[in-house]
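Q: There's a structure below that I have some questions on.
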Amino acid sequence: MRDAQPRASHFIDGAYVEDTEGAEIACIYPATGETIAMLHSATPAIIDKALAAAKRAQKQWAALAPVERGRVLRRAADIIRARNQELSELETLDTGKPIQETLVADATSGADALEYFGGIATTLTGETMQLGSDFAYTLREPLGVCVGIGAWNYPTQIACWKAAPALACGNAMVFKPSEMTPLCALKLAEILIEAGAPAGLFNVVQGYGDVGAALINDGRVDKVSLTGSVPTGRKVYSAAAQGIRHVTMELGGKSPLIIFDDAHIENAVSAAINGNFYSTGQICSNGTRVFVHEGVKAQFLERLVARTRTAIIGDPMDPETQVGPLVSKAQRDKVLGYVEKGKAEGAALLIGGGIPETQKDAGFYIEPTVFDGVTDDMAIAREEIFGPVLSVLAFSDEAEVIARANATEFGLAAGVFTRDLTRAHRVVAALEAGTCWINTYNLTPVEIPFGGVKGSGVGRENARAALDHYSQIKTVYVAMGDVEAAY
Ligand code: NAD
């Protein structure tokens, strides 16, 4: 029996806090289905305590020199790296993702964000505008109290991608993890205190959607950053609008990966595997609509299926395991439902589609799945599945594939494989997506902006671009002469 019980459900004002009046949240290990921790959803008293602490700490934090704020973030990055093994094991327990992934992709990418924004904190500046003898200048100020709301696929990374730029700019944060993965953000809160952050600067409250909604509606909140689905994004965006609050919306996708007939096929297959089966397909930017030129489709499919057959599915704590379970039974039922829809709508199932023989009895496993003969109107080509289901669609012409790739409500990401340099740039210029990759897929280092267009979201995380979403500009006009008036 595994036990991942934290000291208490919430982390507020520098300490663990419990309130057993809140609804129970069972934390289930997706690889076995066993309950590894029992937590409680935040009550109104807990929410109030967290926001009050954040409001107080923000003023103190913003008054520090940028270099001091940056030092705290960089220290937190060092602590995370030193504890990578322990934090990666917790991430695996929280999500079910294989340890070979969590060791390199979760706490480490969170540390990258803290290190990057820790450094950049010292470079935040305003501008001066000379206006004859008068002049004006701008000050870059924090927004105040930011609320972060996370999805369940990358609990550590999402918490860090929101907290790092927010804190670098002088804000405080109240973070609500997904109720499916409540454990990892608590560790970030502990580590920030150890790194020297003031109590109350980064608080974690647990809860279902109602806790997120209560946070957004509180008058003390200046900004909301959500990572979640488009339907939740609609609700959160409209609730934030009532208070005219700033928003960042990192939402879902149904991204195209386009493989031209001059592509390096083995690399294209690698990208399709990474962009559909990594994290058991639970990645927002996945290239789930794989458009393959007719001339190379047979070759591409042969290699894709052969390589997918070798995937090692199993115990996520085993370093050899490459594919773990989905996060929950509900998510697996949803994904299996899409497999049935794909078959019913006439797509050809080439591999996968079921529960692996070796994992029938426990956990929420599903095989990496490839459909061929998918058409644009099928549900599996239109809707976000958030599981390891790859759809192959044939195309023959560049203009045609661009139009089909763009014919979606989403616009998170896109990929193009070709050896023709001008075609690569021409095609990405025409694609409606926030992030495009040429001859690779799903690489999202902290140095590059990440976010969606159209239904996939508003705002950007990472890179300098994130600073615009966690700070605001104050303009100061300075008159050097007399004031003229008409009378
Ligand atoms: P979800 O939308 O169900 O939940 C996201 C978060 O919102 C959870 O913490 C949930 O408790 C909270 N929430 C739900 N209703 C709310 C409300 N009314 N008010 C405030 N908060 C509310 O998403 P999920 O199932 O946890 O995650 C999967 C989705 O997240 C997918 O659509 C995926 O594409 C998306 N995602 C996007 C990115 C990105 O960066 N663009 C990254 C990861 C995941």
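Q: Within the stretch 121-154, take every residue that is β-branched (Val, Ile, Thr) and touching a helix residue (DSSP H, G or I) at 6+ places or on another chain (Cβ under 6 Å) and give me the one that is surrounded by the fewest Cβ atoms within 10 Å (Cβ to Cβ).
A: Among those residues, the one meeting the criterion is Thr122.
Q: Can Trp161 be described as more than 22 Å from Ala26 (Cα to Cα), of a type in the set (Phe, Trp, Tyr) and within 16 Å of the ligand (Cβ to nearest atom)?
A: Here the answer is yes, as Trp161 does meet what is asked.
Q: Here's a check for you: in the stretch 5-32, which residue that is out of contact with any helix residue (DSSP H, G or I) (no Cβ under 9 Å at 6 or more places or on another chain), under 30 Å from Gly324 (Cα atoms) and of a type in the set (S, T, N, Q) is surrounded by the most Cβ atoms within 10 Å (Cβ to Cβ)?
A: Thr32
Q: Here are some residues: Thr43, Thr35. Which one is surrounded by 18 or more Cβ atoms within 10 Å (Cβ to Cβ) and of a type in the set (Ser, Thr, Tyr)?
A: On inspection, the qualifying residue turns out to be Thr43.
Q: Name the residues in the stretch 292-334 that are part of a loop (DSSP other than H, G, I, E, B) and open to solvent by less than 20 Å² (accessible area, probe 1.4 Å), would you?
A: Correct list: Gly314, Pro316, Thr321, Gly324, Pro325, Leu326, Val327, Ser328.
Q: Shifting gears a bit: Is it the case that the stretch 317-335 has a residue that's of a type in the set (A, V, I, L, M, F, W, C), farther than 14 Å from Gly387 by Cα and within 26 Å of the chain's Cα centre (by Cα)?
A: Yes, the stretch 317-335 contains a residue that is of a type in the set (A, V, I, L, M, F, W, C), farther than 14 Å from Gly387 by Cα and within 26 Å of the chain's Cα centre (by Cα).
Q: Restricting to the stretch 226-255, and then to whatever is of a type in the set (D, E, K, R) and open to solvent by less than 50 Å² (accessible area, probe 1.4 Å), can you tell me which residue is farthest from Arg382 (Cα to Cα)?
A: Once the filter is applied, the top-ranked residue is Arg245.
Q: Evaluate the following for Gly252: is it within 14 Å of the ligand (Cβ to nearest atom) and over 30 Å from Gly219 (Cα atoms)?
A: No; evaluated as a whole, the condition is false for this residue.
Q: Look at Glu115 and say whether it is over 22 Å from the mean Cα position of the chain (by Cα), of a type outside the set (Lys, Arg) and either away from the ligand (no atom under 16 Å from the Cβ) or part of a strand (DSSP E or B) (or both).
A: Working: over 22 Å from the mean Cα position of the chain (by Cα): no; of a type outside the set (Lys, Arg): yes; either away from the ligand (no atom under 16 Å from the Cβ) or part of a strand (DSSP E or B) (or both): yes.
The answer is no for Glu115.
Q: What are the pairs, 6+ residues apart or on separate chains, where a residue within the stretch 213-226 that is over 10 Å from Gly243 (Cα atoms) has its Cβ under 7 Å from a residue that is near the ligand (Cβ under 8 Å from one of its atoms) and part of a helix (DSSP H, G or I)?
A: Listed by first residue and then by second, the contacts come to Ala213/Ala239; Val224/Ile216; Val224/Val236; Leu226/Thr232; Leu226/Gly233; Leu226/Val236.
Q: Quick one: which of Asn276, Asn286 is touching a residue at least 12 places away in the same chain (Cβ under 8 Å), touching a Pro at 6+ places or on another chain (Cβ under 8 Å), within 28 Å of Val453 (Cα to Cα) and open to solvent by less than 70 Å² (accessible area, probe 1.4 Å)?
A: Asn276
Q: Go through the stretch 382-408 and give me each residue that's open to solvent by 10 Å² or more (accessible area, probe 1.4 Å) and among the aliphatic types (A, V, I, L, M). Lay out the reasoning, then the answer.
A: Residues of the stretch 382-408 open to solvent by 10 Å² or more (accessible area, probe 1.4 Å): 382-384, 386, 394, 396-400, 402-404, 406-408.
Across the stretch 382-408, the qualifying residues are Ala394, Ala399, Ile402, Ala403, Ala407.
Q: Same structure, new question: Which of the residues that make up the stretch 190-217 are within 16 Å of the ligand (Cβ to nearest atom) and either surrounded by fewer than 24 Cβ atoms within 10 Å (Cβ to Cβ) or farther than 23 Å from Glu86 by Cβ (or both)?
A: Answer for the stretch 190-217, where residues must be within 16 Å of the ligand (Cβ to nearest atom) and either surrounded by fewer than 24 Cβ atoms within 10 Å (Cβ to Cβ) or farther than 23 Å from Glu86 by Cβ (or both): Val205, Gly207, Tyr208, Gly209, Asp210, Val211, Gly212, Ala213, Ala214, Leu215, Ile216, Asn217.
Q: Can you work out which of the residues in the stretch 98-112 that are within 15 Å of the chain's Cα centre (by Cα) and of a type in the set (D, E, K, R) is least open to solvent (accessible area, probe 1.4 Å)?
A: Ranking the candidates gives Asp106 first.
Q: Could you figure out which of (1) more than 30 Å from Arg2 (Cα to Cα); (2) at pLDDT below 95 isn't true of Lys360?
A: That leaves (1) as the condition not met.
Q: Of everything in the stretch 354-381 that's open to solvent by 50 Å² or more (accessible area, probe 1.4 Å) and in contact with a strand residue (DSSP E or B) (Cβ under 9 Å, 6 or more places away or on another chain), which residue is nearest to Ala306 (Cα to Cα)?
A: Glu367
Q: Moving to a separate point now. Residues that are open to solvent by 10 Å² or more (accessible area, probe 1.4 Å): which strands (runs of 3 or more DSSP E) entirely in the stretch 409-479 hold 2 or more of them?
A: The strands (runs of 3 or more DSSP E) meeting that bar are 435-438, 471-478.
Q: Considering (1) within 16 Å of the ligand (Cβ to nearest atom); (2) closer than 30 Å to Leu421 by Cβ; (3) not hydrophobic (A, V, I, L, M, F, W, C), say which one His293 fails and leave the rest.
A: Going through (1) within 16 Å of the ligand (Cβ to nearest atom); (2) closer than 30 Å to Leu421 by Cβ; (3) not hydrophobic (A, V, I, L, M, F, W, C) one by one, His293 breaks only (1).
Q: Could I ask something else about it? Can you find a residue that is in contact (Cβ under 8 Å) with a residue 24 or more places away in the chain, over 25 Å from Val221 (Cβ atoms) and not in a loop (DSSP other than H, G, I, E, B) anywhere in the stretch 39-62?
A: Taking every residue of the stretch 39-62 in turn, none turns out to be in contact (Cβ under 8 Å) with a residue 24 or more places away in the chain, over 25 Å from Val221 (Cβ atoms) and not in a loop (DSSP other than H, G, I, E, B).
Q: Given the conditions (1) away from the ligand (no atom under 11 Å from the Cβ); (2) under 14 Å from the mean Cα position of the chain (by Cα); (3) closer than 17 Å to Leu257 by Cα, which single one is not true for Trp437?
A: (2)
Q: Which count do you get for residues in the stretch 356-408 that are under 23 Å from Gly295 (Cβ atoms), under 24 Å from the mean Cα position of the chain (by Cα) and of a type outside the set (A, V, I, L, M, F, W, C)?
A: Residues that pass the stated criteria total 2.
The values are calculated or read from the model by the stated rules, or taken from the named source; none is laboratory data. None of the values given here were measured: they were computed from a predicted structure. Cβ: placed from backbone, ideal geometry, glycine included. Neighbour counts: every protein chain shown. For the accessible areas, the whole protein counts, side chains as well, though only heavy atoms, and no ligand, DNA or RNA atoms are used. Shrake-Rupley method; radii C 1.70, N 1.55, O 1.52, S 1.80 Å.
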